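To keep things clear, I will list the structure first and then write my remarks on it.
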């Protein structure tokens, strides 16, 4: 006999049916108060327990009869076992008539319904998924950037998105992002088993690039920041002088667009005085590179220094006599304090000698305060695996929510910051929070309609256009009196909504190859969901079975499941649709996944 199919995260939930409309009226007052079905969803051949509560209970006899959906009842008394038929069709509503008979012959009856689905309960996943968004400083997407995380890599599409799958759980591992003509970036990322982690990274264009012959001073400046490199001060890794020099400088102020996303690594550094790693607030940074004519990196020769200048914003200038100077170590991808820069008496900037070439910032370390953030969706459910960000001018702190929707982020004490969250491609609005004193913690609640489930489609370069179709379950009560069809389709041109019915939306769409194309669900409505992929380019152009398409389903409770497009299509010319899966959702939020993974001539349902 097959095992029953427990709903995710609530295997012992009771589907209580509070009754009173179909019991026969009797002078004795005999009635059925409730029937519980545990679990309310089973697979073919699976079992559940029916428990009847009647009033009064003295001398009451119980009987049961299957009215629809097949299967049988075993046992006697107030609690019995229902077994679904082994050949029950998918998504069947089995009905059992429960009758109680009193001592005087009075009867009362009511029906119990059991959801029978052919599918699997979602299982916790051992790996995670990373969704990377790469932008320009103004937030516009950057296409063609290369993202690398360990041994995994991908390129961003026209929306600046890339997906990396099957990643082992890890805390603070480094994501590297690069693009031609831009300053490389690196960010630590946490991968959570069974959750889709998301991160946004910005790449700044190289500010200034110049060439110089050997024997000349090199002055490379951009927007008031940069370096002066003395003649004959540069050598290669072997200590040889370079015949020609190509130098670049890029300057960013803490008030510039996208500063926190451009800033390499995180806003923490190792303090010089005691080696403590503390959060830092920065005022600006300068990135300088020097190479020979072949692109090989150069360095300052032993005993040589360059004159570094970091400008200040007119609206965010500490006007201090000097500021701590921090250098980004590209070997460890961390910041370290290496001294200080004095104020330039003739300009709003800090300037002084440095013995290395690289990336520099000025700012203060501080003793942190803590913000404990709780993250829920619009109906009070905790959001796990979401990115939580606290930030203000010159600093940013991040965390990831646990299963209870909680995350802790470090902040400067005694000021106001903005706190926001991101899950997948959906970003909450920022909420202002007043941070407590150093060493203290305060609580902030953030609510937004983050996806409870996401479906992510990627593929190769051909065909150029695959289109996702998510057919959603509907609840007529959500539609304000309008009677919707049996299902609502979310697809290109019909993007849906996360804040109202159908509680699902196409949050990323791609029709130039590779993907990702993302369908997000903010609320799971009881009923059946279907996911179908269409070859919108046409089978004659490039068959879908050769697309290397992959679909990944992310569900609540830490479950990730993937399907690859089958390599065999029985009737390729007439089968442009790939039916991937169905989801059966019961009224206790239990989930069953019905794998299909087959080609079809139509996107219509096979069994509903």
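Tabulated values for the structure
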{"read-out": "Residue 469 within 30 Å of residue 546 (Cα to Cα) and assigned to a strand (DSSP E or B)", "value": "yes"}
{"read-out": "Restricting region 160-183 to residues that are farther than 26 Å from residue 450 by Cα and loosely packed, with under 15 Cβ neighbours inside 10 Å, the residue that is farthest from the chain's Cα centre (by Cα)", "value": "181"}
{"read-out": "Residue count, region 357-397 (criterion: outside any strand (DSSP E or B), closer than 27 Å to residue 132 by Cβ and within 23 Å of the chain's Cα centre (by Cα))", "value": "7"}
{"read-out": "Extreme residue, surrounded by the fewest Cβ atoms within 10 Å (Cβ to Cβ), among residues of region 547-594 that are under 19 Å from the mean Cα position of the chain (by Cα) and either assigned to a loop (DSSP other than H, G, I, E, B) or on the phi > 0 side of the Ramachandran plot (or both)", "value": "557"}
{"read-out": "Given (1) outside any loop (DSSP other than H, G, I, E, B); (2) more than 30 Å from residue 580 (Cα to Cα), number of the condition residue 455 does not satisfy", "value": "(2)"}
{"read-out": "Only one of 121, 126, 106, 112 that is touching a residue at least 60 places away in the same chain (Cβ under 8 Å) and within 30 Å of residue 177 (Cα to Cα)", "value": "126"}
{"read-out": "Residue identified as touching a residue at least 24 places away in the same chain (Cβ under 8 Å) and either crowded, with 19+ Cβ neighbours inside 10 Å or over 25 Å from the mean Cα position of the chain (by Cα) (or both) among 505, 604, 519", "value": "519"}
{"read-out": "Among the candidates 388, 354, residue that is assigned by TED's automatic domain parsing to the domain that holds residue 399, modelled with pLDDT of 95 or more and out of contact with any helix residue (DSSP H, G or I) (no Cβ under 7 Å at 6 or more places or on another chain)", "value": "388"}
{"read-out": "So residue 307, is it closer than 13 Å to residue 350 by Cβ, surrounded by fewer than 17 Cβ atoms within 10 Å (Cβ to Cβ) and either in the same structural domain as residue 219 (by TED's automatic domain parsing) or at pLDDT 95 or above (or both)", "value": "yes"}
{"read-out": "Residue 422 vs. criteria under 20 Å from the mean Cα position of the chain (by Cα), surrounded by 20 or more Cβ atoms within 10 Å (Cβ to Cβ) and in the same structural domain as residue 408 (by TED's automatic domain parsing)", "value": "yes"}
{"read-out": "Filtered residue count, region 426-451, keeping only those that are under 30 Å from residue 529 (Cα atoms) and either crowded, with 21+ Cβ neighbours inside 10 Å or modelled with pLDDT of 95 or more (or both)", "value": "5"}
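The values are calculated or read from the model by the stated rules, or taken from the named source; none is laboratory data. Not measured: the values here are computed from a predicted model. Glycine also receives a Cβ, built like all others from the backbone with ideal geometry; neighbour counts cover every protein chain displayed.
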